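Below: one structure, written as structure tokens.
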Amino acid sequence: MLLPGLSLGSSWPASVDGRIGPVFRRVCNVEVDDGTLLVLTTPDLPHLPRALKLRVSVPLDRLFQPGTAFHLSGGLWRCGGVSGTCLEAAIWQPPPIGERVSGDRRRARVEAASAHLETHLDRWPQKRLQPDVETLAARLGLALAGGNVDEFKRVATALVGLGQGLTPSGDDLLVGCLAWLARRPEARAWRDDLAEALRPRLATTTPVSRHYLIEALAGRFSEPMALLADALDAPCPVLPVWKAIETALVIGASSGADGIAGLLVAARSDFNRSIGSDHGSIQ
């Protein structure tokens with residue numbers, strides 16, 4: 001069986017060897033020998049930086065078995081009795097980061113996004129941040145607003161691996177926060193410091209979550225997170241705010257809501273910034 005690829009992320013590699021990791025109906029994780037991760041998905045899921053959308057009509061957990069060897073080379077891949085091609089797959093790119101809207105327009109969009117998220121959480125309260133994660137999220141926002149890079153690193157380090165599931169809530173929140181900071185070149189020093197601080201902690205979370213944190217620290221995000229940051233910040237966004245929120249909320253059981261919360265924590269901090277960090281203000 002040769003499965004055609006529909007589209008792939010911009011950081012999809014040319015060749016790898018690995019083994020199948022956790023498999024679900026719409027997602028198959030490939031644990032690469034170098035410790036990174038690839039993702040195979042059904043056509044209906046959003047794009048990911050290191051993912052290949054397959055033209056399939058059956059659940060992926062009927063095609064792939066955990067532990068099976070996976071090989072990719074020359075645009076072709078094979079895994080047990082299944083193989084496929086990505087030679088004709090379109091390459092997905094997130095919206096470009098360019099000019100930003102005025103502060104007043106950005107504030108209005110952030111407030112609209114917060115209200116939309118709150119309405120969703122009122123209907124599904126089980127998706128709310130756990131109290132310990134929520135407390136750290138508030139501290140993260142204060143550190144960003146106050147320009148306190150040391151506190152920012154302390155809180156972010158405490159969030160790694162905090163929570164349950166394949167991607168713990170603390171990690172999802174950090175990914176969302178980084179999706180906003182990635183739009184701000186002046187915050188590069190903060191992201192570099194954070195990457196250095198988190199490196200020893202990455203082994204304490206799940207392999208899947210570690211992958212998305214590494215991608216986020218490198219400035220690469222899922223389509224929903226990229227579209228939401230664009231909707232809040234770009235003069236002519238791809239999606240309106242409400243649609244970007246709805247798109248992000250479909251990620252996982254609560255990962256989408258957690259990621260949105262992290263992005264909004266970082267976005268709201270822009271309106272309260274006052275004190276410079278060790279690297280100077282990131283206003």
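Some notes on this structure:
- For the stretch 56-75, filtered to residues that are among the aliphatic types (A, V, I, L, M) and under 15 Å from Gly18 (Cβ atoms), the residue that is surrounded by the fewest Cβ atoms within 10 Å (Cβ to Cβ) is Ala69.
- Single condition Ala69 does not satisfy, out of (1) in the same structural domain as Trp242 (by TED's automatic domain parsing); (2) of a type in the set (Gly, Ala, Ser); (3) in contact with an Asp or Glu (Cβ under 9 Å, 6 or more places away or on another chain): (1)
- Any hit, the stretch 211-231, residues being of a type outside the set (D, E, K, R) and touching a strand residue (DSSP E or B) at 6+ places or on another chain (Cβ under 6 Å): yes
The rows are residues; the columns are (1) free of Cβ contacts under 8 Å to residues at least 12 places away in the same chain; (2) hydrophobic (A, V, I, L, M, F, W, C); (3) more than 20 Å from Ala89 (Cα to Cα).
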{"residue": "Gly21", "(1), (2), (3)": "no, no, yes"}
{"residue": "Arg25", "(1), (2), (3)": "no, no, yes"}
{"residue": "Val30", "(1), (2), (3)": "no, yes, no"}
{"residue": "Leu37", "(1), (2), (3)": "no, yes, no"}
{"residue": "Pro43", "(1), (2), (3)": "no, no, no"}
{"residue": "His47", "(1), (2), (3)": "no, no, no"}
{"residue": "Val56", "(1), (2), (3)": "no, yes, no"}
{"residue": "Asp61", "(1), (2), (3)": "no, no, yes"}
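- Ala189, sole failed condition from (1) surrounded by fewer than 22 Cβ atoms within 10 Å (Cβ to Cβ); (2) over 24 Å from Gln126 (Cα atoms); (3) touching a Gly at 6+ places or on another chain (Cβ under 6 Å); (4) of a type outside the set (Phe, Trp, Tyr): (3)
- Scanning the stretch 76-91 for residues that are within 16 Å of Val32 (Cα to Cα) and buried (at least 19 other Cβ atoms within 10 Å of the Cβ) turns up Trp77, Cys79.
- Some residue of the stretch 214-223 being farther than 14 Å from Leu178 by Cβ and surrounded by fewer than 24 Cβ atoms within 10 Å (Cβ to Cβ): yes
- For Glu196, the requirement of being closer than 23 Å to Ala138 by Cα, surrounded by fewer than 21 Cβ atoms within 10 Å (Cβ to Cβ) and out of contact with any helix residue (DSSP H, G or I) (no Cβ under 6 Å at 6 or more places or on another chain) is met.
- Test: residue in the stretch 123-137 that is of a type in the set (A, V, I, L, M, F, W, C), touching a residue at least 40 places away in the same chain (Cβ under 8 Å), in contact with a Lys or Arg (Cβ under 9 Å, 6 or more places away or on another chain) and buried (at least 17 other Cβ atoms within 10 Å of the Cβ): no
- Test: residue in the stretch 92-103 that is of a type outside the set (A, V, I, L, M), surrounded by 14 or more Cβ atoms within 10 Å (Cβ to Cβ) and assigned to a helix (DSSP H, G or I): no
- All positions within the stretch 38-47 that are under 18 Å from Cys79 (Cβ atoms) and either assigned to a loop (DSSP other than H, G, I, E, B) or at pLDDT below 95 (or both): Thr42
The values are calculated or read from the model by the stated rules, or taken from the named source; none is laboratory data. Being a predicted model, the structure only gives us computed values, none of them experimental. Positions of Cβ are generated from backbone atoms using ideal geometry, with glycine treated the same way; all protein chains shown enter the neighbour counts.
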